[in-house]
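Here is the structure we will look at.
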Amino acid sequence: MIRDLLRRLIVQAIEKAQRRGDLPTFEIPSITVEHPKQASMGDYATSAAMQLARAVRLPPPQIAQTIAAHLELGDMATAEVVSGYINFRLTAAFLSRQVDAIIAASEHWGDIDLGQGQSVQVEHGSANPTGPLTVAAGRNVVIGDTLANVLEAAGYQVHREWYVNDAGNQIRHFGASVYARYMQLLGHDTPFPEDGYRGDYVIDIAKQIIAREGDRYAGLPRDEARRALGQLGIDAMMDSVRASLARIGVRYDNFFSERSLYESGLFERVLPILREKGLLIEHDGALWFSEDGSPIADAGTPIADLDDSAKSKLQNQKSKVVQAVVIRSPKVIADPAERPTYFASDIAYVWNKLVERGFDRAIYVWGEDHQGDVPRLIAATKALGLDPSRITLLIYRFITLMRGGQEVRMGKRAGNIVTLDDVVDEVGADATRYVLLSRSIDTKIVFDLDVVKQQSEDNPVFYPQYAHARICSIFRKAAEQEESARAGEQTYEHPSELNLIRKLLELPEVIELVAATLQPHHLTVYVQSLATTFNAFYRDCRIIGEAPAVYARRMKLARASQIGLARVLRLMGMSAPERM
């Protein structure tokens, strides 16, 4: 990246000044190079002089002048000292050479080696398989898939995984729901569970099972039939999920079963690690994890029934120490296979990720309803003797779906769901992905179906895709008119040409930013800016009909722009259309 090259040249200038005695000897810190807030100040700037002021004991402007005097920039850039800052302005000759570099890199333009081959698992989606994939869960999979794309471009080995929650309370409720609908369709007077899933899709699953299997489960003991039908329901839901994911271009390397953590014996192998450290405590028939091994304080007493002193003590303890149920009491759940909590699974799963499969990093993409689970997983990771910095838990905000100016209420349990397929049917896969990426993950999204359906400036994905299609139309028109010429070593001169090159050169920095912050919305900001900059170039710089050398040069820049736009759109999992 240009920023890194400038950083190295600054360090070399400081070292040169030290060798010549113009600066004292000191350990050079990490030098900051950034884009100035005002474009009039140049393309890049460094505050190195301010960073070094304490060590050098000279005024920053004097330090900046000394560094600038020892810079060897060639024809890459010019340097100017302004109030202790060194501002860099890239030359037209240097910018012109970068167009060929972009074209040579082609679909790999923007790739960097930030990850240096480290393995990182991105686990995302992972909704309970108790219903179709909803538009709410769509934000999860789009965030995770886009981050996986960017991390690959940033030099990481990426593994994409969906964690199938096929164990626990919700699965038991779902199995009971499928069982009830199955029996009812066969004419049995079976009551529907009070906490069951009431969506019509459950009836559809039961119909499919009857069509395929007949009444073979009706004669089994209730619990056995419930478990068998529940598994068939999970299988049907996961088939539906995979089909929905394919429609928006989300792919996975693995679908990992939560149940396998127990069936493989992994959970039983991991539990002794915590037990030997005294971090597992039996309390009221349940097995608890206590981060520091302290007793479970008044866990069974309602906080309102405690005196002020006990209440204060309990609240203080809970604010500092993670205590959570690992295995429920048999008084609560009779079936031993269904007693482990989600937290129990999380303990075994993080061990599986970091130890058994040996990923260098594990990224979890979780909805805001899991915010309270974050300290538990971090505490469990530490307790297992693992480095918690190897796990990153991304918490994204949910969406508000709007249609006709009204909020569309959603709830899987009640059956009033809006599926991801429903939204894709209305607005298309690209627009769906774009909107779900368009805000930082910690910001709530308002998804207005009426606005997104419009192919206009109000539809944000239309703008960069139209810019790409416009470039393709230029190439078609040139071919029709049989215009051809070869660009020589001429330098781009028009401000709109140079601004477009500058904007194209930002892509490696944007990839680094997204990979470092795990905030994919920066891609949507960049692609809008790139499309705007290209459109300004297209407005100001005629291509077809210009003199051969100018035509060839600008066609080359159009080709580089096509590469840049297509690369960003594909990182976001969207198409780069040739016609619109």
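Just name one of V82, A478, S329: the one whose Cα is farthest towards the positive end of the charge dipole of the chain (beta-carbon charges, Lys/Arg +1, Asp/Glu -1).
V82
Using alpha-carbon pairs under 8 Å, 6+ residues apart, how would you state the relative contact order of the stretch 2-89 in percent?
Computed over the stretch 2-89, the figure is 30 percent.
Which order do peptides 403-409, 510-516 fall in by mean Cβ count within 10 Å, highest first?
510-516, 403-409
Quick one: putting +1 on the C-beta of Lys and Arg, -1 on the C-beta of Asp and Glu, what dipole do you get for the chain around its Cα centre, in Debye to the nearest 20?
780
Taking 22 Å as the cut-off for C-alpha to C-alpha distance, list the pairs among K320/K353; K37/K444; K477/K556; K277/K320 that go past it.
K320/K353; K37/K444
Using the Cα atoms as the points, what is the convex hull volume per residue of the chain in Å³?
That works out to 216 Å³ per residue.
Would you be so kind as to identify all helices of the chain, as entire DSSP H runs, whose Cα atoms reach 30 Å or more along the helix's own axis and whose mean Kyte-Doolittle hydropathy is at least -0.5?
Result, helices passing both filters: 222-247, 548-571.
Say R0 is 22 Å: what FRET efficiency, to the nearest 0.05, do R570 and S119 get from their beta-carbon distance?
0.45
For labels at R357 and H35 in the simple 7 Å Cα→Cβ model, what's the distance in nm?
It is 3.6 nm.
Per residue and in cubic angstrom, what volume does the convex hull of the Cα atoms of the stretch 35-76 have?
85
Normalised by the number of residues in the chain, what is the relative contact order in percent for Cα pairs under 8 Å and 6+ residues apart?
16
Between I544 and V82, what is the spin-label point distance in nm, taking each point 7 Å from the Cα along the Cα→C-beta axis?
A separation of 4.1 nm, rounded to one decimal place.
Antiparallel versus total DSSP beta bridges in the chain: what percent is that, nearest 5?
So the antiparallel bridges amount to about 50 percent of the total.
Out of the stretch 43-108, which GluC sites (Glu not before Pro) are coil in DSSP terms and have no more than 10 other C-beta atoms within 10 Å?
E72
How high is the relative contact order of the stretch 134-231, in percent, counting Cα pairs under 8 Å that sit 6 or more residues apart?
27
So, by mean Cβ neighbours within 10 angstrom, what's the order for 26-37, 47-58 with the highest one leading?
47-58, 26-37
Radius of gyration and Dmax for the stretch 2-89's Cα atoms, expressed in Å?
According to the Cα coordinates of the stretch 2-89, Rg and Dmax are 11.9, 35 Å.
If I take the Cα coordinates of the stretch 169-251 and project them onto the principal axes, what are the three extents in Å, biggest first?
Here the Cα extents, ordered largest to smallest, are 43, 27, 21 Å.
Can you compute the helix-only [θ] at 222 nm over the chain? Use -39500 (n - 2.57) per DSSP H run of at least 4 residues, normalise by all residues, nearest 500 deg cm²/dmol.
-15500 deg cm²/dmol
Report P(r) for the stretch 79-175: all Cα-Cα distances, bin width 5 Å, range 0 to the bin holding the largest distance, values in whole percent.
Going out from 0 Å in 5 Å bins, the stretch 79-175 shows 2, 10, 12, 12, 11, 11, 11, 9, 7, 5, 3, 3, 2, 1, 0 percent.
Roughly speaking, what is the stretch gain from K320 to A93, that is 0.36 nm per residue apart minus the C-alpha to C-alpha distance, in nm to one decimal?
That pair, K320 and A93, stretches by 75.8 nm at full extension.
Determine, from the Cβ-Cβ distance of K477 and D100 and an R0 of 25 Å, the FRET efficiency 1/(1 + (r/R0)^6), rounded to the nearest 0.05.
Once rounded, the FRET efficiency stands at 0.60.
Say each of S260 and V408 gets a label point 7 Å from the Cα, pointing the same way as Cα to Cβ; how far apart are those two points in nm?
In this crude spin-label approximation the distance works out to 3.4 nm.
Only the coordinates and a few stated rules stand behind these numbers; no lab work does. The shown structure was predicted, so the numbers you read here are calculated from the model rather than taken from an experiment. Using ideal geometry, Cβ is built from the backbone for each residue, glycine included, and neighbour counts are taken over all protein chains shown.
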